[in-house]
Amino acid sequence: MNQQKIIIAIDGFSSTGKSTVAKQIAKHLGYIYIDSGAMYRAVTFFAMTQGFIDLEKFNINGLLSKLKNIDISFKFNKSLGFAEMYLNGENVEKQIRTLEVSNFVSKVSAVPEVRQQLVLQQQKMGINKGIVMDGRDIGTVVFPKAELKLFMTASSDTRAIRRFHELKSKGENVVYEDVLKNVQERDYLDSTREDSPLYKADDAIEIDNSKMSLDEQFTTILKLAEEALNK
Ligand code: DC
């Protein structure tokens, strides 16, 4: 087998199971896994805690004035088997996954200056390849030359049910209709924003996993990764 390392870019709508399969593939290949959405979530959480964003307002200039002070990093947690998100030295893995953060993240991630800063950081992470990154613009903007690009889809109902169970299992008191509304709103905002909207790159392979088991999904994508590795 060709030992050259590659970049695997996984894009798609929210809750399409990108991170689940990305983690599995990264573990199998001994690659780094980066959840780029966690970075946008961390900036959003920062904006919330500083009072720059709430239901009534979004003080973009306030956020921009503090952007350079936001330190975002991943630290690998051996017992969990994946890297957790740290914001200015504090583990915020739990805080960034709430529905409240999900409700504001599309607004924050539409700000070009925020994207510029995070994209630069993401590109540095991929400099030595051997990376699986998931998000919305990984195959189109962050790594347009990635050796393997996947575009994951599933019906919005399927995705909302998945996200609902995930939030419930974490102890969040959520209503299914609110989760579905969030999934549909983010689909719309993420794919219609001006800067780096979510769309399928011409050379991305589309995977609709609405009816796939986790095993089937893993086997399908691993085969594609092995083909890309052997090219
Ligand atoms: O993957 P996720 O659902 O945790 O991502 C949260 C939000 O972050 C998503 O709704 C849009 C934004 N995002 C982005 O704009 N670009 C990325 N590469 C990843 C996420």
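Summary table below
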{"read-out": "Residues located in the range 1-36, provided they are open to solvent by 20 Å² or more (accessible area, probe 1.4 Å), under 25 Å from residue 102 (Cα atoms), touching a strand residue (DSSP E or B) at 6+ places or on another chain (Cβ under 7 Å) and not small (Gly, Ala, Ser)", "value": "13, 23, 32, 33, 35"}
{"read-out": "Residue within the range 140-159 that is in contact (Cβ under 8 Å) with a residue 40 or more places away in the chain, within 11 Å of the ligand (Cβ to nearest atom) and over 26 Å from residue 68 (Cα atoms) present", "value": "yes"}
{"read-out": "Residue satisfying all of: in the range 206-222; buried (at least 16 other Cβ atoms within 10 Å of the Cβ) and touching a residue at least 40 places away in the same chain (Cβ under 8 Å); farthest from residue 152 (Cα to Cα) among these", "value": "218"}
{"read-out": "One residue from 79, 73, 65, 106 being in a helix (DSSP H, G or I), closer than 24 Å to residue 22 by Cβ and of a type in the set (Gly, Ala, Ser)", "value": "106"}
{"read-out": "Members of the range 160-200 found to be within 13 Å of the ligand (Cβ to nearest atom), open to solvent by 20 Å² or more (accessible area, probe 1.4 Å) and among the hydrophobic types (A, V, I, L, M, F, W, C), listed by number", "value": "189"}
{"read-out": "Near pairs, Cβ below 7 angstrom, 6+ apart or cross-chain, from the range 108-135 (more than 17 Å from residue 10 (Cβ to Cβ) and within 12 Å of the ligand (Cβ to nearest atom)) to any residue that is open to solvent by 60 Å² or more (accessible area, probe 1.4 Å) and part of a helix (DSSP H, G or I)", "value": "110/189; 111/60"}
{"read-out": "Some residue of the range 37-47 being over 16 Å from residue 118 (Cβ atoms) and either more than 10 Å from the ligand (Cβ to nearest atom) or open to solvent by 70 Å² or more (accessible area, probe 1.4 Å) (or both)", "value": "no"}
{"read-out": "Hits in the range 160-186 - residues which are touching a residue at least 60 places away in the same chain (Cβ under 8 Å) and of a type in the set (Val, Ile, Thr)", "value": "174, 179, 183"}
{"read-out": "Tally of residues being buried (at least 16 other Cβ atoms within 10 Å of the Cβ) and either of a type outside the set (Ser, Thr, Tyr) or at pLDDT below 95 (or both) across the range 108-124", "value": "9"}
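The values are calculated or read from the model by the stated rules, or taken from the named source; none is laboratory data. Model, not experiment: these values are computed from the prediction. Ideal geometry is used to build each Cβ from the backbone, glycine not excepted, and the neighbour counts take in all protein chains shown. Only protein heavy atoms, including side chains, enter the accessible area calculation; ligands, DNA and RNA are left aside. Shrake-Rupley method; radii C 1.70, N 1.55, O 1.52, S 1.80 Å.
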